[in-house]
Amino acid sequence: MFWSKIFLPTLKDIPQDAEVISHQLMLRSGMIRRVTSGIYTWLPIGLKVLRKVENIVREEMNASGAQEILMPMVQPKELWEETQRWDKMGPELLRIKDRHERDFCLGPTHEEVITDLIRNNIKSYKELPLNLYQIQTKFRDEVRPRYGVMRGREFLMKDSYSFNLNEESLNESYLLMKEAYKKILDRLGLKFKIVKADSGAIGGDASEEFHVLAENGEDTIAVSDSSDFAINTELLLEEGDAIESLQGKPSPDGKGIIQIKKGIEVGHIFQLGKVYTDAMKASVLNHEGKTKNLFMGCYGIGVSRLVAAAIEQNNDEKGIIWPEAMTPFEVNIVAIGFDKDEKIAKAATDLYNELSSMGYEVMLDDRKDGYGTKIKDAELIGIPVNIIIGKQYLQNNEVELKHRDGQSSIGKVEDITTIFEHYKIS
RNA sequence: CGGGGUAUAGCGCAGUCUGGUAGCGCACUCGCUUUGGGAGCGAGUGGUCGUAAGUUCGAAUCUUACUACCCCGACCA
């Protein structure tokens, strides 16, 4: 992509209505623009990042054996009345009417729709277990949307639902999802903790949250300093206790002491049991020919929130520092004097074509601006590698390879492709 | 919903106290000179000052109501 062609409105100043760093950087780097409170438009490079995350989630879900479907955003009231959630959900559920005055809602989650699908189409235990997922826009009319897409009202989410004959099978599906989530976050290059969460009436190890660690996280979690153990602080606190009082106490798993950390909840896996399948009578015949209500699990991962969380965890005073798997572009060619010097323009374009054909996602800064403007924008957007073609190229055929982390080296332009061959392998 | 704050050009701001018909920086357009850390000079474009009503000869400025947005809290697979 040529910089002069892409729709990428970057900002020098910090927009006054953005408080947290990820929100500021997403606005400044031209990833998103607000439409109204908690509702955003994704611009080209923002969408590019969002799609990368989405694709990694999809690949790992498929690898786990789950199958992708797409359910509607608009859902009829009748389904929600079956589980009594039409009344229980409160104002967070955005309700609308059609031209016949029938009630609908915009789906904040899809237990009702999918349970309806399953009860109408699955009749035998032989068809189980089944895990279906979708990646779809959700709407929740949050009491207080904030921090940009971190807590938006409209957001992109992967939600999946497993249907199992019994608890053992449910537990297997649950563990598969847990492994898939670990792989997703590892591939995204994020530091995270799996946190024991409040499992409500269901009990046991039936609910765990995946938190990306970040100083500005909305949630407070208790982490053992000498094991992987982590738990939601709500589960440890007695009425009236201060969160700080947990710091230094023995970890509940018996290993090490508690450290208090801030996290952003990006995923939640949950064993629902038979709550919805009982309410909606979703059953199959077991091998004895008896009717059995299904066991159900639900597993969510916030795709758009992951983007914000990644930035929250990876930034400096210059801008975003993208993990390899999420960066909108892998290489940026800074061509100083592209419009004036044919030799520079040719070298930059040739390199652009060559790296592109090698499979890299390349950006070429062909704008009229000087080095300062170009490198500032590249650093703001967080492109991992910059290749600078300027005076040194004209003088002795050398270009600079400058990494986002500050490292840099000088080399002949002919060697660049060799270096990148090496990168692609490693 | 309770508490706090903001609203003037695309972005960041001044002007409001003390009423006199809107300004600065950046961005944008044109020209020339520049080009290795957000360039210089010159000439331009762009705003019914969030909305409505009121006071006044006259309102960005004073009064009232409303709206939007942000922050704290409560809430939140």
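Filter the chymotrypsin sites (Phe, Trp or Tyr not before Pro) in segment A:3-89 to those in DSSP coil with at most 12 other Cβ atoms within 10 Å of their Cβ, and list the result.
Loop-located and lightly packed - A:Phe7.
Report the Cα centroid-to-centroid distance between segment A:237-307 and segment A:114-183 in angstrom, as an integer.
Cα centres, segment A:237-307 to segment A:114-183: 13 Å.
In a shell of Cβ-Cβ distance under 12 Å around A:Ile320, excluding A:Ile320 itself, what net charge do Lys and Arg (+1) and Asp and Glu (-1) give?
Neighbour charge sum, excluding A:Ile320 itself: -2.
Give me the mean projected area, in nm² to one decimal, of the convex hull enclosing the Cα positions of segment A:122-222.
Value for segment A:122-222: 8.6 nm².
Given the options A:Gly30, A:Gly256, A:Gly300, state which has the largest fluctuation in a GNM of chain A using a 10 Å cut-off (strictly under) for Cα springs.
Per the Cα network of chain A with a 10 Å cutoff, A:Gly256 tops the list.
What net charge is computed for the residues neighbouring A:Ala180, neighbours being all others with C-beta under 14 Å from the C-beta of A:Ala180, Lys and Arg scored +1, Asp and Glu -1? Please report the intermediate quantities before stating the final value.
Working: positive: A:Arg58, A:Lys158, A:Lys178, A:Lys182, A:Lys183, A:Arg187; negative: A:Glu59, A:Glu60, A:Glu68, A:Asp159, A:Glu172, A:Glu179, A:Asp186, A:Glu208.
Its environment carries a net charge of -2.
Which is the longest stretch in chain A that no exposed loop site breaks, taking sites as GluC sites (Glu not before Pro) with a DSSP loop state and at most 13 other Cβ atoms within 10 Å?
On the way: sites that count: A:Glu19, A:Glu101, A:Glu215, A:Glu238, A:Glu239, A:Glu288, A:Glu317, A:Glu324.
Answer - A:102-214.
What is the Å³ per residue value for the convex hull set by the Cα atoms of segment A:201-288?
Values: hull volume 14.1 nm³, N = 88.
Taking the convex hull of the Cα positions in segment A:201-288, it is 161 Å³ per residue.
Please state the charge dipole magnitude for chain A, taken about the Cα centre, from unit charges on C-beta atoms (+1 on K and R, -1 on D and E), reported in debye and rounded to the nearest 20. Show your work: numbers first, answer last.
On the way: 55 positive and 68 negative charges, 193 e Å.
Value, rounded to 20: 920 debye.
Mind listing which trypsin sites (Lys or Arg not before Pro) in segment A:1-95 are in a DSSP loop and have 10 or fewer other Cβ atoms within 10 Å?
A:Lys5, A:Lys12
As an exercise, identify the trypsin sites (Lys or Arg not before Pro) in segment A:327-426 lying in DSSP coil whose Cβ has no more than 12 other Cβ atoms within 10 Å. Could the numbers behind the result be given before it?
Values: sites: A:Lys340, A:Lys343, A:Lys346, A:Arg367, A:Lys368, A:Lys374, A:Lys376, A:Lys391, A:Lys402, A:Arg404, A:Lys412, A:Lys424; in loops: A:Lys340, A:Arg367, A:Lys368, A:Arg404.
Answer by residue number: A:Lys340, A:Lys368.
Determine the equivalent ellipsoid of segment A:1-45 by diagonalising the alpha-carbon gyration tensor, then write out the semi-axes as square roots of 5 times the eigenvalues, largest first, rounded to whole Å.
20, 13, 8
Within a Cβ distance under 13 Å of A:Ala308, other residues only, what is the Lys/Arg minus Asp/Glu net charge?
Surrounding charge for A:Ala308 is -1.
Given 10 Å bins starting at zero, what is the percent of C-alpha pairs of segment A:21-316 in each, up to the one with the largest pair distance?
So the P(r) values, bin by bin, are 6, 25, 33, 25, 9, 1, 0.
Take the residue pairs A:Lys126/A:Lys281; A:Lys126/A:Lys183; A:Lys158/A:Lys281; A:Lys88/A:Lys261 and return only those whose Cα atoms are more than 27 Å apart.
From the list (A:Lys126/A:Lys281; A:Lys126/A:Lys183; A:Lys158/A:Lys281; A:Lys88/A:Lys261), the Cα-Cα distance tops 27 Å for A:Lys126/A:Lys183; A:Lys88/A:Lys261.
Based on DSSP H runs of at least 4 residues, each adding -39500 (n - 2.57), what is the mean residue ellipticity at 222 nm of chain A after dividing by all its residues, to the nearest 500 deg cm²/dmol?
My calculation for chain A gives -9500 deg cm²/dmol from helical runs alone.
Along its three principal axes, how long is segment A:331-425 when you only count alpha carbons? Whole Å, largest extent first please.
Projected onto the principal axes, the Cα atoms of segment A:331-425 cover 36, 27, 22 Å.
Here, each number is a calculation from the coordinates, and none is a lab measurement. All figures in this text were calculated on a predicted structure; none of them were measured in a lab. Cβ atoms come from the backbone with ideal geometry, glycine included; neighbour counts cover every protein chain shown.
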